[in-house]
Each structure stands twice: as structure tokens, then as C-alpha cells.
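K.L.:
Pasting a structure below so you can have a look.
The values are calculated or read from the model by the stated rules, or taken from the named source; none is laboratory data. What you see is a predicted model, and the numbers here were worked out from it, not measured in a lab. As a convention, Cβ positions derive from the backbone with ideal geometry for all residues, glycine included, and neighbour counts pool all protein chains shown.
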Amino acid sequence: MNGSTHNLPAPAPDGWQLQRNAHGRLVLRLADGSTHEGVTPVRAFPIAAPQEGLSLVGGDGCELAWVPRLDALAPEVRALIEQELAVREFVPTITRLHAVSSFSTPSTWDVETDRGPAQLVLKGEEDIRRLAGRTRLLIAASDGLQFFVPDTAALDRHSRKLLERFL
């Protein structure tokens, strides 16, 4: 914090303020005047309700502030949070399945994503999780990376046929 308040963004509804320090880390100033460096935004429901329910968590893992809705924040505060979330929540969206090495697990999948071609190893069918609506999937690869399928019905026929063998 540089001590000057003219650089601070507008306070959030609960009276806290958020900005980046000289090292690029988020700094949260609470309504009581306390400051916390290295704050991390964490969505409560990143897939089901990405714009609702977000915690600002301190370096010790404790929640410092709660954001009921991102769109209720001042644009500059929302931009800071969204920039941090984009780095933290890298979840490629699968747009096509090209090939699967085996219909038993573990298997290697060659897929096309919104970020380009990728290969993932599926350890077991339990690593494919159905989300609300039953056509949305979250697939956990063996390396910990998550892949998202927003609508299985929107995939091409070949992709759906490969995927159905695992569902």
C-alpha cells in the first residue's frame, strides 16, 4: 500500500478495497483498516454459478471477505478479481474428441479444446463427473487438470460415440 487513497478503487458493498501492490499481488484493505497481502479469490461454484459466491482468502487459507455477486462490484474491483481467477481457473473446454486409446481405463484421449489440441489420461470412469443438466461434464485428467464439456449433445457424432462408452 502506498498510503495514498486517491489510487484506491471504490469500496465494495462491505467497505473493503482491493488493489495490486508493486509485486502484482492482490492487497485487501478491510473496513476496519487492516490490510492483507497475497489475497486469493476462490469461487464457491465455479461451473454451476461462476458469477455468484466468491471468497477472498488470505495467505493462511481463511476467508477475509465474501462477495455474493461479482456483477455488484465496481468495474475496477471486478476486473482485478477476474484477472486473478483467469490465471487460477484454467479449465479448457473440450470441443471434439479425436481418439481414445482404449475403452477401458486408464486410457489416453486426444481432444480438441478451446485452447487447442490436448491429450489427457483418464484414470477411471469416476473421473468423469456429470454436472447440473446431465449433459454438462467435468473430466479430471490424471495430471490434475480439469476439462469441461458444456453440452454433450452439442458435440459431433464421433465425439458423442466415443464419450458414451465411458458414461
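K.L.:
Report, by residue number, each residue of segment 80-93 that is touching a strand residue (DSSP E or B) at 6+ places or on another chain (Cβ under 6 Å), in a helix (DSSP H, G or I) and not aliphatic (A, V, I, L, M).
P.N.:
From segment 80-93, those touching a strand residue (DSSP E or B) at 6+ places or on another chain (Cβ under 6 Å) are 80-81, 84-85, 91-93; that's our starting set.
Those still in the list that are in a helix (DSSP H, G or I) too: 80-81, 84-85.
Selection gives Glu84 alone.
K.L.:
Next question. Answer yes or no as to whether Asp114 is within 30 Å of Ala49 (Cβ to Cβ) and either free of Cβ contacts under 8 Å to residues at least 24 places away in the same chain or not assigned by TED's automatic domain parsing to the domain that holds Arg160 (or both). First the steps, then the outcome.
P.N.:
Details: within 30 Å of Ala49 (Cβ to Cβ): yes; either free of Cβ contacts under 8 Å to residues at least 24 places away in the same chain or not assigned by TED's automatic domain parsing to the domain that holds Arg160 (or both): yes.
Taking the combined requirement at face value, the residue satisfies it.
K.L.:
Next up: Can you name every residue in segment 107-133 that is assigned to a strand (DSSP E or B), over 18 Å from the mean Cα position of the chain (by Cα) and farther than 14 Å from Arg96 by Cα?
P.N.:
Ser107, Thr108, Val121, Leu122
K.L.:
Looking at segment 67-81, which of its residues are exposed (fewer than 14 other Cβ atoms within 10 Å of the Cβ) and either more than 11 Å from Leu54 (Cα to Cα) or touching a Phe, Trp or Tyr at 6+ places or on another chain (Cβ under 9 Å) (or both)?
P.N.:
Residues satisfying the conditions are Asp71, Ala72, Pro75, Glu76, Ala79.
K.L.:
Could you list, in sequence order, all residues of segment 134-155 that are part of a loop (DSSP other than H, G, I, E, B) and surrounded by fewer than 12 Cβ atoms within 10 Å (Cβ to Cβ)?
P.N.:
Result: Arg134, Asp143, Gly144, Asp151.
K.L.:
Here's a follow-up. Sort through Arg96, Arg115 and tell me the only one that's basic (Lys, Arg), in contact with a strand residue (DSSP E or B) (Cβ under 7 Å, 6 or more places away or on another chain) and either more than 30 Å from Val39 (Cβ to Cβ) or modelled with pLDDT of 90 or more (or both).
P.N.:
On the way: Arg115 fails: in contact with a strand residue (DSSP E or B) (Cβ under 7 Å, 6 or more places away or on another chain).
After applying the criteria, what remains is Arg96.
K.L.:
Those residues that are touching a residue at least 12 places away in the same chain (Cβ under 8 Å) and part of a strand (DSSP E or B), I need them from segment 51-79; list them, please. Talk me through it step by step, then tell me what you get.
P.N.:
First, pick out the residues of segment 51-79 that are touching a residue at least 12 places away in the same chain (Cβ under 8 Å): 51-59, 64-74, 76-77.
Glu52, Gly53, Leu54, Ser55, Leu56, Val57, Leu64, Ala65, Trp66, Val67, Pro68, Arg69 - these are the residues of segment 51-79 that are touching a residue at least 12 places away in the same chain (Cβ under 8 Å) and part of a strand (DSSP E or B).
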